[in-house]
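Q: Next up is a structure, given as structure tokens.
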Amino acid sequence: MPSSTEDLLNRWYRGDRDALRELVEQNSVWVKRRVRERLGDKLRQIGESDDFVQESMLDFMEYTPRFKVRGQAQLRALLARVVENAIRDQNDYWFKARRRALSRACPVPADSVLDLAPGGRATTPPDERSAQNELDALLRLAVELLDPDDRRVVVLRHWDEHEFTTIGDELGLTPDGARKRYERALPKLGAILKRLRRGDLEWAS
């Protein structure tokens, strides 16, 4: 019998990579079908690649803060949105590189797991409990759910700490255009943070 989502997630929290791969395999067909319903031609443009879908899911789960969800439906909603964003983003390799760099430079405590189930709270060891760590982990997760254009400007400004002149050069915008895009992205990021805090992930799919 296939392992349950709850069992696999618990093993993943403990660092079991086999459990991570099994989670991806169990959910990739559903995620691909859901993304196809929403994106159609964009998915076909990459050859409806099973490899792309699975690699996007693996990369996300390996290099972002670990999280608890209510069950398979909530997990799938989150994964489908992440894969959809990867397909929309023609520069996904850019974000993947930053995601990995951030996980190395600013690691979340190994025992920390964000609880995204309704009413849940992040759990961290008592001697490492920190409101800032929790906020940083939630921000990193929330950024994954932003549309790609918003995601890039937030990463460049918030984590890379670039000036708007530099951001504009990278995104093909004027400095004022880069500032305005960042200012438009912040309320969207805030709305996602609120949804994550109350365990509302169904909207993501």
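Only the coordinates and a few stated rules stand behind these numbers; no lab work does. Here the structure is a predicted model, which means the values were calculated and not measured. Methodologically, a virtual Cβ is constructed for each residue, glycine included, from the backbone with ideal geometry; neighbour enumeration extends over all protein chains shown.
Q: How much length would be gained if the chain were fully extended between GLU161 and ARG17, taking 0.36 nm per residue of separation minus their Cα-Cα distance, in nm to one decimal? Can you show the working numbers first?
A: Details: separation 144, 0.36 × 144 = 51.84 nm, distance 3.27 nm.
Extending this stretch completely gives an extra 48.6 nm.
Q: Kindly write out, for segment 175-183 in residue order, the coupling ³J(HN,Hα) from the Karplus curve 6.51 cos²θ - 1.76 cosθ + 1.60 (θ = phi - 60°), rounded to whole Hz, with x marking Gly and Pro.
A: Computed from phi, the couplings for segment 175-183 are x, 5, x, 5, 4, 5, 5, 4, 5 Hz.
Q: Highest mean first, what order results for 18-31, 177-190 on Cβ atoms within 10 Å? Don't jump to the answer; show the numbers that get you there.
A: Details: 18-31: 17.6, 177-190: 15.8.
Put in order of decreasing packing, that is 18-31, 177-190.
Q: Something else now. How would you classify segment 70-110 from its alpha-carbon gyration tensor, with a ≥ b ≥ c the square roots of the eigenvalues: rounded for a/c under 1.5, else prolate if a/b is greater than b/c, otherwise oblate? Working shown, then result.
A: Values: a/c = 5.46, a/b = 1.16, b/c = 4.70.
Oblate, since a/c reaches 1.5 and b/c is not below a/b.
Q: So, counting K/R as plus one and D/E as minus one, what does the shell of residues with Cβ under 12 Å around TRP159 add up to?
A: +3
Q: Same structure again: Given a Förster distance of 35 angstrom, what is the FRET efficiency for ASP7 paired with ALA97, based on the Cβ-Cβ distance and rounded to 0.05?
A: Details: r = 32 Å, r/R0 = 0.93.
Step by step, r from the Cβ atoms, then E = 0.60.
Q: Quick one: what are the phi-derived ³J(HN,Hα) couplings along segment 57-63, Karplus 6.51/-1.76/1.60 with θ = phi - 60°, whole Hz, x for glycine and proline?
A: 5, 4, 4, 4, 6, 7, 10
Q: Turning to a different aspect of this structure: Length gain on complete extension for the stretch THR174 to LEU58, per 0.36 nm per residue less the alpha carbon to alpha carbon distance? Present the calculation step by step, with values, prior to reporting the outcome.
A: Details: separation 116, 0.36 × 116 = 41.76 nm, distance 3.54 nm.
This chain segment gains 38.2 nm when fully extended.
Q: Among the lysines, which fall within straight-line cross-link reach of LYS180, defined as a Cα-Cα distance under 16 Å, with same-chain neighbours fewer than 8 residues apart omitted?
A: Once the sequence-local lysines are set aside, what remains near LYS180 is LYS188.
Q: Return the long-range amide H neighbours of ASP115 (sequence gap of 5 or more, or a different chain), with a cut-off of under 5 Å between placed amide H atoms.
A: Answer set, sorted by chain and number: LYS68, ARG121, ALA122, THR123.
Q: Moving to a separate point now. Let me check I've understood the local charge: for LEU171, count other residues with C-beta under 9 angstrom from its C-beta, Lys and Arg +1, Asp and Glu -1. What total comes out?
A: Around LEU171, the surrounding residues sum to -1.
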